[in-house]
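The values are calculated or read from the model by the stated rules, or taken from the named source; none is laboratory data. Since we're looking at a predicted model, the values are computed, not measured. Methodologically, a virtual Cβ is constructed for each residue, glycine included, from the backbone with ideal geometry; neighbour enumeration extends over all protein chains shown.
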């Protein structure tokens, strides 16, 4: 044994790994060769017994999972070769869009920003979002500027800071704008009711850039 250690000092530095450990893949002298001849067959047999390939590693189940992924059906592709993904938006017909725009007289039904004062076109908003089982009926649609639409998102309620209660947001089809909101000469919007205050806060209607634009439009008599 001492002679073998002198010829192969790696025996002392590289002890044989336990059967539960994975092979590092490094070949280090005769010791590793003998280990591969004695342990590798048992490892292959154990892997095959668990249903994995002969070269399975520490956990044969991992190889089975990867095999399932390799043989899984590819995602359906669209006509342009891009995997099909469900749309995250609802398409509104041109006829419905025109009706909503005429009914709102071309202004956002939340903050009253005119369409011609906005860089981006106003959008048709679902007052009660599709996530909350809102419908595409005209009674659930309103014209909305891009800023109000992005801030509102799918929310249907928010916190009224004055009362500390969760209240519904202003509903353009059910509520009167002048009863819930007001505009001062400086371009700031104020909530007159819990619903109005929660809407102004959630939609960030008094952001400095929005207030400045309203004040400019008021001076030019272009704000409703």
Q: For residues that are within 23 Å of residue 182 (Cβ to Cβ), assigned to a loop (DSSP other than H, G, I, E, B) and touching a strand residue (DSSP E or B) at 6+ places or on another chain (Cβ under 8 Å), tally how many sit in the range 100-156.
A: 12
Q.
Suppose we filter 151, 130 for residues that are at pLDDT below 95 and either touching a helix residue (DSSP H, G or I) at 6+ places or on another chain (Cβ under 7 Å) or surrounded by fewer than 16 Cβ atoms within 10 Å (Cβ to Cβ) (or both); which single one remains?
A. 130
